[in-house]
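Below is one structure, written out as structure tokens; comments come after it.
Read-outs throughout are calculated quantities, based only on the coordinates presented, and are distinct from any laboratory measurement. Owing to the predicted nature of the structure, the values given are computational and were not obtained by experimental measurement. Reconstructed Cβ throughout: ideal geometry from the backbone, glycine too, with neighbour counts over all protein chains shown.
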Amino acid sequence: MQTLQILVGNENIPGKAPASLTNRLQACLLQMREVDGFIAGVVSRADGLVIQHTLQSAQEAATLCALAVATVGSSRATASRLGLGGFDHGFLVCDGGVLLLTGAGREAVLACLLDTKSNLGMAKIIMARVAGMVETILAEA
Amino acid sequence: MEATTIKRASLTNEESQKAFQRISKDLLAHDPERGTNHWGGAAVPAMLLGADRIVDFLRVLESITGFLPARRQSYLVGYKSGKRGAELVAGLDSGKLPEQGPWLRLAAAAPTLSGAGWGRCSIEYDEVSRAVRWEFAQGTALAIGALLEGVRKDPSCPFVAGFAAGWTNQVLESEFEFKEVECVGSGGSRCVFESGEFIRFRRAEVPTDE
């Protein structure tokens, strides 16, 4: 985590999606509020650049995006090497919260932080819907 | 005839040799007590390291996370290096030249990189669109090193893309991203890096589960 903060937090590295795109994605992300216990969400470019987020700070969003794409990437590699097929979504259930991850088309990853009391089945359904919308928006942009 | 808006910096063989003398010899000092080398008076030691070992960092990371996340981390390290490099080189030349505008400070990257053995490049800058393009006609040292171990599916030089972005943004006060659009390491005839506002990755670069 500290290494990622050094990389993404101490330098202002340019790379910003156009407002026409981020405005539409923000409306999508806010639909995740339908999930009880939703804390925050990010749409990350497949390499980890923040496209849109609902976190308090850009630094936190950059860290979450970097970790999310790395986790999805390593999950894909694991699935591939175990012959399990394609990665669909993942839950990282921890003592203090839940990280829900899914691809949003091939160009982006959607990651959401939830509290431990969230209904994960409902979260999965809503996230799949939001991910589909994100994919469509990116394809049109 | 219309006046061109594109400025271009490149080196001859002689100029590259001269840059090597300055960058890799004159500006490199040896500390015999510690057995370390220091470039341009910097406190951090400078090391000779095979280019293929730098590519290994990318290889290891991409084997764990896939290419694009690995690319970004390599890019970020390169960005920091390019930004600091531009600051350092500007500091070395300050007071010795009348006044170095942004273009001359951008163009200074070409002899610096060639002299440091990173590869000989030409840099183009369109004064109207502000687009910037770095081309290594023979490939970067990283790409040449990577190619020795076989043609890669993906570009081998995200570190250099980040370096180009860091240097360019530092001197032009711009906010570009850079993308490697051709790479010797992945079978191209040259390495080319182009500026953009918000890069999108080609379909072929995006991971698949198929």
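The ranking of A:LYS124, B:LYS179 from fewest to most other beta carbons within 10 Å of each one's beta carbon is A:LYS124, B:LYS179. If you find the alpha carbon centre of segment B:29-81 and of segment A:95-133, how far apart are they in angstrom? Segment B:29-81 and segment A:95-133 have Cα centres spaced 36 Å from each other. Taking the Cα centre of segment B:50-205 as reference, the dipole from Cβ charges on Lys and Arg (+1) and Asp and Glu (-1) amounts to some 360 debye. Computed from label points 7 Å out along Cα-Cβ, the spacing between B:THR36 and B:PHE57 is 1.7 nm.
Computed over the Cα atoms of segment A:69-128, the ratio of the radius of gyration to the Kirkwood radius (Rg/Rh) comes to 0.98. Between B:PHE136, B:GLY187, B:GLY101, the Cα set farthest toward the positive side of the dipole of segment B:50-205 (charges on each charged residue's Cβ, about the Cα centre) is that of B:GLY187. Kirkwood radius for segment B:50-205, taken over all pairs of different Cα atoms as the inverse mean of 1/r, rounds to 15.6 Å. Assuming charge only on the beta carbon of Lys and Arg (+1) and of Asp and Glu (-1), the dipole of the protein assembly as shown about its Cα centre is about 260 debye to the nearest 20. Put in line by how crowded their Cβ is, counting other Cβ atoms within 10 Å and starting with the fewest, B:LYS18, B:LYS83, B:LYS153 read B:LYS153, B:LYS18, B:LYS83. Considering only alpha-carbon pairs that sit under 8 angstrom and 6 or more positions apart, the relative contact order computed for chain A is 27 percent.
The mean number of partner chain beta-carbon atoms within 10 angstrom of a residue's beta-carbon across peptide B:71-81 is 5.
Which whole number gives the average, over all residues in B:58-68, of C-beta atoms from other chains lying within 10 Å of the residue C-beta?
4
Hydrodynamic estimate: the Kirkwood radius of segment A:55-102 over Cα pairs, inserted into Stokes-Einstein at 20 °C and 1.002 mPa s, corresponds to D of 181 µm²/s.
With the highest mean first, a sort of the peptides A:20-28, A:100-108 on other beta-carbon atoms found within 10 angstrom per residue produces A:100-108, A:20-28.
Taken along the Cα-to-beta-carbon direction at a fixed 7 Å, the label points for B:ARG22 and A:ILE39 span 5.3 nm. Against the compact-protein benchmark of 2.2 N^0.38 Å, the Cα-based radius of gyration of chain A scales to 1.00.
Pairs of Cα atoms nearer than 8 Å and 6+ residues apart set the relative contact order; for segment B:1-151 it is 34 percent.
Model label sites at B:ARG84 and A:SER20, defined 7 Å from Cα along the beta-carbon direction, differ in position by 3.9 nm. A Gaussian network model of chain B, with springs between Cα atoms under 10 Å, assigns the largest mean-square fluctuation among B:ALA146, B:ALA51, B:ALA161 to B:ALA51. Legend: P(r) of the protein assembly as shown from all alpha carbon pair distances, 10 Å bins from 0, whole percents, reading 5, 23, 30, 22, 13, 6, 1, 0.
Note down the net charge around B:CYS191, summing +1 for each Lys or Arg and -1 for each Asp or Glu among other residues with Cβ under 15 Å from its Cβ.
0
Net charge of the neighbourhood of B:GLY50, taken over other residues with C-beta under 15 Å away and scored Lys/Arg +1, Asp/Glu -1, is -1. The ranking of A:ILE51, B:ILE64, A:ILE39, B:ILE54 from fewest to most other beta carbons within 10 Å of each one's beta carbon is B:ILE64, A:ILE39, B:ILE54, A:ILE51.
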